[in-house]
Amino acid sequence: MQPSKKYLYVKIYEDLYNKIKSSEYKPGDKLPSEHELSEQYEVSRGTLRQALLLLKENGYIHNIKGSGSYVTNFTGCSNITLDRLHMIPYSFAKHELKERIDKLVYEVPTTYTARQLNLNNSQLTLNCQKVYSDKTGAVAFSLISIPVKLLSKHNVDITKEENIKKFIDEIVNTAKHARARIMFSEVGDFLARKLEVSRKEKIVIVEEIYYCEEDTPLATMRHSMKPDSFEFVINRTKVE
């Protein structure tokens with residue numbers, strides 16, 4: 001009797017899993033192509049894809065569109081805990097990121113943002129647009145809104161991008177706490193241009209509000225990320 005397809009794909013899954021755990025395939029390594037693997041295991045593409053899908057669902061590999069399957073690198077997220085604040089894209093990226101400030105705009109906030117930051121509709125915010133890229137290209141976009149009165153209070157020279165970047169990092173590092181909301185959405189025209197993807201592709205959005213000691217909101221941050229480029233793993237530690 002021939003082994004069932006289920007048995008075959010589980011066997012392939014276990015073999016690839018063991019190769020990943022033994023570092024035969026190291027984090028960041030590209031797996032052989034589907035054609036090569038199906039020939040190696042002497043199975044159909046369909047059976048092989050079941051094994052690869054199981055590896056992907058369990059977080060051991062991820063796909064890069066047009067390139068192939070890669071072993072997940074957990075280095076960037078292995079130290080993420082619930083009691084520390086981190087800039088979200090860096091916390092969960094599978095690969096090293098580079099960032100650039102795409103645009104700085106001074107605007108009257110929307111009603112939604114004004115409510116989040118406890119502002120009235122006549123108080124300005126600085127909206128900082130950041131694009132994050134890895135070796136595959138643009139993978140995340142952040143919209144960061146900071147009250148201009150907060151920048152003035154801390155004497156931030158808003159004519160220099162580097163000073164604004166440092167102040168954003170300072171908010172993340174020194175805030176008392178942050179409240180985050182995770183959503184799934186589809187890419188619209190604006191993000192399609194920023195992330196170089198097609199409209200209606202799925203995207204992960206993390207929306208945060210950072211607070212100081214007096215529970216006064218400092219900034220809002222909305223991070224839009226390509227799902228295949230990030231691994232959302234959180235370590236939780238019991239407090240004795």
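A few comments on the model shown:
- In the chain, the longest principal axis of the Cα atoms and the axis of helix 45-57 are about 40 degrees apart.
- The charge dipole of the stretch 88-229, taken about its Cα centre with unit charges on the Cβ atoms of Lys, Arg (+1), Asp and Glu (-1) only, comes to about 260 debye.
- Scalar couplings 3J(HN,Hα) for the stretch 93-104, obtained by applying the Karplus form with A = 6.51, B = -1.76, C = 1.60 to θ = phi - 60°, are 5, 6, 10, 4, 10, 10, 10, 8, 7, 7, 6, 10 Hz; x denotes Gly and Pro.
- For the chain, the normalised intensity computed at q = 0.08 Å⁻¹ comes to -0.40 (log10 of I(q)/I(0), Debye sum over alpha carbons, equal scatterers, no solvent).
- In this structure, the amide hydrogen of Val139, modeled 1.01 Å from its nitrogen in the peptide plane, lies closer than 5 angstrom to those of Tyr132, Ser133, Asp134, counting only residues at least 5 positions away or on a different chain.
- Computed from point charges on the beta carbon alone (+1 for Lys and Arg, -1 for Asp and Glu), the dipole magnitude for the chain about its Cα centre is near 360 Debye.
- Per-residue HN-Hα couplings for the stretch 203-210 [Karplus 6.51, -1.76, 1.60; θ = phi - 60°; Hz; x = Gly/Pro]: 8, 9, 10, 10, 10, 10, 10, 9
- Crossing angle, helix 5-21 versus the chain [Cα axis fit, 0-90 degrees, rounded to tens]: 60 degrees
- Integer Hz, Karplus 6.51/-1.76/1.60 couplings in order for the stretch 111-128, x for Gly and Pro: 4, 5, 5, 4, 5, 5, 9, 6, 10, 8, 6, 9, 8, 7, 10, 9, 9, 9
- Nearest-20 debye value, the stretch 5-71 charge dipole, Cβ charges on Lys, Arg, Asp, Glu: 220 debye
- By the rule of a C-alpha distance below 15 Å, with chain neighbours fewer than 8 residues away ignored, the aspartates and glutamates paired with Lys56 are Glu14, Asp15, Asp29, Glu34, Asp228, Glu231.
- Which of Phe184, Phe230 has the fewest Cβ neighbours within 10 Å, and the rest in rising order: Phe184, Phe230
- In this structure, the residue pairs whose Cα-Cα separation is over 20 Å, taken from Lys21/Lys65; Lys135/Lys166; Lys98/Lys194; Lys21/Lys226, are Lys21/Lys65; Lys135/Lys166; Lys21/Lys226.
- Relative exposure of Ile209, Ile146, judged by other C-beta atoms within 10 Å (fewest first): Ile209, Ile146
- From its DSSP helices (H runs of at least four residues, each -39,500 (n - 2.57)), the chain gives a residue-normalised ellipticity at 222 nm of -9000 deg cm²/dmol.
- The mean sequence separation of alpha-carbon pairs under 8 Å and at least six residues apart, normalised by the residue count of the chain, gives a relative contact order of 18 percent.
Every read-out reported here was derived from the displayed coordinates using simple, explicitly stated rules and does not represent laboratory data. For clarity, every value in this text was computed on a predicted model and none was experimentally measured. Please note: Cβ atoms are built from the backbone with ideal geometry, for glycine as well, and neighbour counts cover all protein chains shown.
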